[in-house]
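I have placed the structure first, in the form of structure tokens, so that the comments after it can refer back to it.
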Amino acid sequence: MPKKKKEKRIPVLLLEDLVNLGQRGEVVLVKPGYFRYLISQKKAVLATKEKLERELKPLVLEEKIKSREREAEKLKGEIENLILEFKISQYVPKITKEKIIKALKERGINISKNQIELEGKIEKEGEYSLKVRLGFGILANLRIKVIKG
């Protein structure tokens, strides 16, 4: 009975998501023939230490950026479903950015003062719509209702 030849497998770093093989950025073992095909199609590179460092850094940064963008989209949804109510009186004559930020923090939303676009002063009762810049070109509309107290 002849001995079975041990198959050699080559570690490769995937540059694309491939069905039945793996996700982008994964290191997988493939047979030499499939390795040549993946290299020719520019879907993978040989997994050496230098290439791993060079190829994975942009992937990690890209993932961080995408997750932050998803967080900003989620935050936009929260802000747009919110209506803040403020009372004004002779002792509290106007609503400032600081008061808006404090009210948002009480609801678990942390934004900075320079993210709020306030056109003019909020001194009269009524409903106001403010724009909140969340980054990545995402703008959320924050509604504020002001009543006399």
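Values in this text are rule-based calculations from the coordinates and carry no lab data. As the structure is a prediction and not an experimental result, all values here were calculated from the model. Positions of Cβ are generated from backbone atoms using ideal geometry, with glycine treated the same way; all protein chains shown enter the neighbour counts.
Data overview
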{"quantity": "Dipole of the chain [Lys/Arg +1, Asp/Glu -1 at C-beta], most positive-end residue of Leu104, Ile144, Phe35", "calculated": "Phe35"}
{"quantity": "Selected from Lys124, Lys49, Lys76 as most flexible by GNM, with the chain as the system and alpha-carbon contacts under 10 Å", "calculated": "Lys49"}
{"quantity": "Kirkwood Rh in Å, taken over all unlike Cα pairs in region 73-148", "calculated": "12.7"}
{"quantity": "Debye, to nearest 20: dipole size of region 40-89, +1 on Lys, Arg Cβ, -1 on Asp, Glu Cβ", "calculated": "340"}
{"quantity": "Share antiparallel - DSSP beta bridges, the chain, percent rounded to 5", "calculated": "75"}
{"quantity": "Residue among Lys94, Lys31, Lys102 with the largest mean-square fluctuation in a Gaussian network model of the chain, springs linking Cα atoms under 10 Å", "calculated": "Lys31"}
{"quantity": "Positive-end residue, region 8-146 charge dipole about Cα centroid, Cβ charges, pick of Pro58, Val92, Ala47", "calculated": "Ala47"}
{"quantity": "Cα principal axis extents for region 10-67, largest first, Å", "calculated": "36, 25, 17"}
{"quantity": "Highest-MSF residue in the chain out of Glu78, Glu63, Glu53 [GNM, Cα springs under 10 Å]", "calculated": "Glu53"}
{"quantity": "Cα centre as origin, Lys/Arg/Asp/Glu Cβ charges: the chain dipole, Debye", "calculated": "860"}
{"quantity": "Three semi-axes of the equivalent ellipsoid, the chain, Cα gyration tensor, whole Å, largest first", "calculated": "58, 13, 11"}
